[in-house]
1. Counting only residues that are more than 17 Å from the chain's Cα centre (by Cα) and of a type in the set (A, V, I, L, M), which one in segment 175-195 is nearest to ligand 3 (Cβ to nearest atom)?
2. Provide a single number: the residues in segment 214-266 that are assigned to a helix (DSSP H, G or I), without any contact (Cβ under 8 Å) to a residue 24 or more places away in the chain and away from ligand 3 (no atom under 15 Å from the Cβ).
3. Picking from SER557, SER530, which residue would you name as being within 20 Å of THR374 (Cα to Cα) and of a type in the set (Ser, Thr, Tyr)?
4. Taking ASP510, is it farther than 22 Å from ALA372 by Cβ and acidic (Asp, Glu)?
5. Of the residues GLY422, GLY413, which is surrounded by fewer than 21 Cβ atoms within 10 Å (Cβ to Cβ) and modelled with pLDDT of 95 or more?
6. Please work out which one of (1) assigned to a helix (DSSP H, G or I); (2) in contact with an Asp or Glu (Cβ under 7 Å, 6 or more places away or on another chain) is the condition ALA208 fails and give its number.
7. Of everything in segment 540-569, what is out of contact with any Lys or Arg (no Cβ under 8 Å at 6 or more places or on another chain) and acidic (Asp, Glu)? Give them in sequence order.
Amino acid sequence: MKNELVARILSEIADLLDLEGVAFKPRAYRRAAEVVASSSEPIEELVAGGTHAELPGVGEAIGRKIAEIVETGRLKYHDDLLAKWPIDLAALTRVDGVGPKTAKLLYEAIGVRTLDDLEQAARAGRIHTVKGLGEKTEAKILHGLEEARAVEGRMLLFAALRLAEDLVAELRETGLFERVQFAGSVRRGRETIGDLDILAVSSDPAPAVAAFLTLPEVVEILSHGETKASVRLGNGVQVDFRVVPAESFGAALQYFTGSKAHNIALRRLAGARGWKLNEYGLYDADDRPLAGVDEDGLYGALGLQPIPPELREDTGEVEAADRGRKGRRLPHLVQVGDLRGDLHVHTNASDGLAPIADMVAAARARGLKYIAITDHTRFAEIIGGLSADGVAAQIDAITNLNKTLRGFHVLTGIEVNVQADGSLDLADEILAQLDVVIAAVHSHFRQSRAEMTARLVRAVSHEHVDILAHPTGRKIGERPPCDADWDAVFAAAAKAGTAFEINANPIRLDLSADLVRRAVDAGCRLAIGSDAHAPEHFDFLRLGVLTARRGWAEAGSIANTRDLAREDT
Ligand code: DGT
Ligand code: CA
Ligand code: CA
């Protein structure tokens, strides 16, 4: 599928045109990029059929450019823009505080082209000397750089999962394997992934390794032996591959799933009994194998309940899994199948791409029973959000739609903006009419801890607010989380019965797993929200579930695992 490539080039064009100060066009390219990225049909097939220009927001001119990318892998218009602006705009604009216009100022005034240049300039205090930029921007950039550096060379979980599943499926199709499975951080559901780790069992390792090396995605072989290999894929990702004996598969899966800290804790447990644990199995003092075929057997032999991969970070899971110990047990983690609905969905009434009916169809297709339509208010000119009249019209439309639906219900809702002082940008009389009120911060992220805490406490305590969405505002690798006294915010929310969202958008995952765990311990309710802006975005929900699981959350803590009360349906 070339959708990712096409979307990347179109969105780079949007950024470059923004940098040049061109009006309107950047939005058109950005929208086309979003549409292509979220389309489930391979763009090359649409081009082959000549229907790609019919995608919403594409049209003739961008359509021609998409065809050129599909046919040649690149685009002259894009290349010319890149030649004119020889800067790593994608990396630079990922830093909080740097948009295309700031990047242009920095390049023209002090020659900043790369993240390294930016870091040097920021540390040397040269950024605030640039006309148009001040001390505040410089401080923001220094902060943002930390976030960007932390994820350098790592990819987001969503892309990693898709890639890992594709590779595993391709390997299985060769028919050369008894088992193939991905391990590593992607199996643990970490929010960013360094490299992929794939394990396999095959009675004939040589052709099995050869099949791996000749996968179409592989562009470079980094190393290979009789039973293992490391490669680099076209998108730069490294994949480590191992063929292991069937009797060691569980031990290898356990070992290469990690985390390293969890493995060390297990090995210590084995050592305490005079046993030995490694990637081949668990062995007693006389080197007799005790376990290794499957993971559950391995944990069982160590006296432990099976520990779900998401918990394997050595943060108390080994103690909680100990069958011999009284007290806290492992939680029954929430599962994707527990979700009944989605309480955070956008439509083209604000910045979503599709009408309500399309969002309903996509949610139903994924087995959900209800969604809440929570479009934005008109807090910013750039988002064509709902006015008070718009809300009333949408309530009517949803009421009528519900009359036509069987076995599915659409809740009315809104995503109100939490203003700098914690007040909301929609009147109470309107909020009172809606089934679901989501409150969210969209600006002024860098308030002091005291200000932000007071702001969030006020928002979660508001009588009409049901959910605080993407509570920290972080964007992975782009914007650091806001600074707040979370214990105070959790306490206020628990008292008011307001839920915290686990926003499942791949770049947000907000609350993060660490904060999920603290929120659960504080007695807060949670809601896993896709924040879908297109029908395909309901696929994000699984990331929210993985994050909830990493935060030790059970279904009972999560509002949208409940069926709707009868009076709602
Ligand atoms: P990543 O790739 O940085 O996102 O994180 P992981 O967890 O996938 O780490 P990776 O790919 O370096 O190694 C895969 C697993 O192999 C890791 O989670 C645990 C295991 N492992 C790697 N090195 C060691 C080690 O030195 N000691 C132990 N006990 N386990 C290790
Ligand atoms: Ca890895
Ligand atoms: Ca690895």
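1. Applying the filter and picking the extreme gives ALA183.
2. 0
3. Of SER557, SER530, the one residue that is within 20 Å of THR374 (Cα to Cα) and of a type in the set (Ser, Thr, Tyr) is SER530.
4. no
5. GLY422
6. Unmet condition: (2).
7. GLU554, GLU567, ASP568
Here's the yes/no breakdown for (1) hydrophobic (A, V, I, L, M, F, W, C); (2) assigned to a helix (DSSP H, G or I); (3) within 28 Å of LEU511 (Cα to Cα):
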| site | (1), (2), (3) |
| --- | --- |
| VAL112 | yes, no, no |
| LYS131 | no, no, no |
| ALA139 | yes, yes, yes |
| PHE158 | yes, yes, yes |
| LEU161 | yes, yes, yes |
| LEU171 | yes, yes, no |
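The values are calculated or read from the model by the stated rules, or taken from the named source; none is laboratory data. Bear in mind the structure is a predicted one, so any value in this text is a computation, not a measurement. Cβ sites come from the backbone with ideal geometry, for glycine too, and all protein chains shown count toward neighbours. Note: accessible area is taken over every heavy atom of the protein model, side chains too, but ligands, DNA and RNA are not part of it. Shrake-Rupley method; radii C 1.70, N 1.55, O 1.52, S 1.80 Å.
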